[in-house]
Each structure stands twice: as structure tokens, then as C-alpha cells.
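The values are calculated or read from the model by the stated rules, or taken from the named source; none is laboratory data. These numbers were taken from a predicted model, which means no experiment stands behind them. Here Cβ is always computed from backbone atoms with ideal geometry, including for glycine, and neighbour counts include all displayed protein chains.
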Amino acid sequence: MKILHVSAEFFPLVKTGGLADVVAALSAAQRQHGSDARVLLPGFPAIINQATDKQKVTTLNTYAGEITLYYSQYQDTPMYIIDAPHLYQREGSPYHDGYNNAYHDNYRRFGVLGFVAAELARGCDSLWQAEIVHAHDWHAALACAYLAAYGYPARCMFTIHNIAYQGLFSPHHIHELWLPTEFYNVNGLEFYGQLSFMKAGLFYANHTNAVSPTYAKEILDPHYANGLDGLLNQLNQEQRLSGILNGIDTAVWSPSHDKLLAHKYSARSLKNKTKNKLAIQKLLGLAQQTEQPLFAVVSRMTRQKGLDLILEALPDL
């Protein structure tokens, strides 16, 4: 099976959250089980500079200008890279400038990611044609819309990693994105007067997946769905929504060989966890006491991660 994962992130080249880890680990696991799984990525500097042995696949004229598509490998991962310096060679994060302002042309930068994915399903690489396009989060979601608009034969899977970030843009961009005008509809990309990349993925994918069975149920609740509960419940009734629990790549993430830990441990031997606790207390200038509870959180500083709940609970803790 020829599977194309479409993502804005890939561990360890570009990572802002768990998305990067999942795309790297999932594609590797699928190859181990016999599928020909490849990854399509934007040509951010960290990706272009570290990908070795790049081979030109084709040049495409797009609504965002001419792009060059390369085939390369990072370690054992086959990948396609969209080389478009005018879109991706910028300072800051993949999505924001150095002042944390979203790039004004993100609709174009990530729309092209979906467009090229559809072209790989059409066969723009004469040596390989995607049979399944797996779009990850809003950055890749237009791939599903392009496959539907152009009638390309690949099946489409869309995975929600974080429903809070939906890729919302002005509706007039529909004309620039080379999508049919009628796609801007409540049964399409329209979302409360805006153009929603996330909704494109949900509406046009053959199946939608969330990153755990619990999350798949949680986002059916209006409180957690960020306005998409109606469509999500419809997909659920049609048996087109499921949840598969994210795993980890134990070759990368394991306390048994993590060089950053003061003391290594495993599931079979947890005694060194106490030593790690003492090391953390020493590092942070806290009293080194094994019986005192130690609370820690590794997270983005956002309300969605529940940090407001931690602040409210601090006096009791």
C-alpha cells in the first residue's frame, strides 16, 4: 500500500508538538509492516538543510508561484520536500514570525502543501503514486478538498491532532486556492463566515481519526469541539470518525536509555525514579525529600492544556 503522510512537522527536523513525533513514528511503523509510506513536508530551512541526496521530481506551477518537488530521505524515511523559498525560507516558527504573529499568507503556504499532496495522488511523480493520502491537522487538510475537487483516485484520511487550531482565513481566498467556488458552503469549507482548513479535512476525507478513543468522544461535546460538534457528530453517526491512541517510538523515547536522565530506569525496575526525583529537586533548589510530592508539567502555556486548573489548585497542593 502506497501511503503519503502530509504534515507541516516531522521529528526531529521540525517540531512544535506531538504532531511531529506521530508522523515520524507512524510512517516508520507502517514501513516495518510492509507499506510504502512516505512523507510530504514544506521546505522549511531545517528540513531543506538536513535532507540529504535530494533528487528533483518535478516542477509545478501553483497559485502560490512555481515550486520544485524533491525526493529525499532522512535516516530511513522517504520524503518529498516542497522547495519554495518565497513560502518557507523565513525566520521564526513554521507558522509565526519572530514576534509570534501568524504569517499573513499561511493560507497560501499550507494550501500548497495540500495541493502538492493531491498532485502526488494524481501521479506527478512518474515512479510513485499515492493510494492513500493521510492529512495531519489543518496545515494539510486541503489535500482532502483537492482530491474531491479534482476527482483523483486516492482515498483520504484526516487526523485531528488538536482541534483548537483550525486554520481559519478570509472567505475570498477560495478564488485563489484553485478550488470550486461552490466548495465555500456550509457543506464544505464555510465556517461561521470564514474559510476553514480543518473543516475541509473533516468534510472531504473518507475517514477522520482523532489521536485517542477518548479524544474522539470528547470532541463530540460542544464544550470541546470548538464549533465543529455538529459535523463531528454527523461523521460519528456515519461511522466515519474513530480514535486510535497515539503511541511512542521507544527507540527514541525510553527512560531505559535516555541520556538526559540522571539515572536510567525501566518498567521492570522503577527504583531509580526516586533518584531522578532527588536530582530534579537539587537542580531546582528544592529540599531533597523523597516523601514530599513533586508536581511538574511539560506543556505549552495555553488554557487548553489545563494550566488554569493547575493555578486554581495550587493552594490545595
(message) For segment 254-275, which positions are of a type in the set (Lys, Arg), part of a helix (DSSP H, G or I) and out of contact with any Phe, Trp or Tyr (no Cβ under 6 Å at 6 or more places or on another chain)?
(response) 275
(request) Under 7 Å between Cβ atoms, at least 6 apart or on separate chains: pull out the pairs that start in segment 237-262 with a residue that is of a type in the set (A, V, I, L, M) and end on any residue that is in a loop (DSSP other than H, G, I, E, B). (result) 245/212; 261/255
(message) Can you list residue pairs whose Cβ atoms sit under 6 Å apart, with the first residue in segment 153-166 being in a strand (DSSP E or B) and the second being among the hydroxyl-bearing types (Ser, Thr, Tyr)? Count only pairs 6 or more apart in sequence or on different chains.
(response) 158/208
(message) For residue 75, only one of the following conditions fails: (1) surrounded by fewer than 21 Cβ atoms within 10 Å (Cβ to Cβ); (2) of a type outside the set (Phe, Trp, Tyr); (3) modelled with pLDDT of 95 or more. What is its number?
(response) (3)
(request) Please find, among 227, 188, 193, the residue that is closer than 30 Å to residue 61 by Cα and surrounded by fewer than 17 Cβ atoms within 10 Å (Cβ to Cβ). (result) 193
(request) Quick one: residue 81 ticks every box in (1) touching a helix residue (DSSP H, G or I) at 6+ places or on another chain (Cβ under 7 Å); (2) surrounded by fewer than 20 Cβ atoms within 10 Å (Cβ to Cβ) except a single one, so which number is it? (result) (2)
(request) With the condition kept exactly as written, say whether any residue in segment 118-135 is of a type outside the set (Gly, Ala, Ser), farther than 17 Å from residue 64 by Cβ and under 13 Å from the mean Cα position of the chain (by Cα). (result) yes
(request) Examine segment 258-269 for a residue that is modelled with pLDDT under 95, of a type in the set (S, T, N, Q) and surrounded by 10 or more Cβ atoms within 10 Å (Cβ to Cβ), and state whether such a residue exists. (result) yes
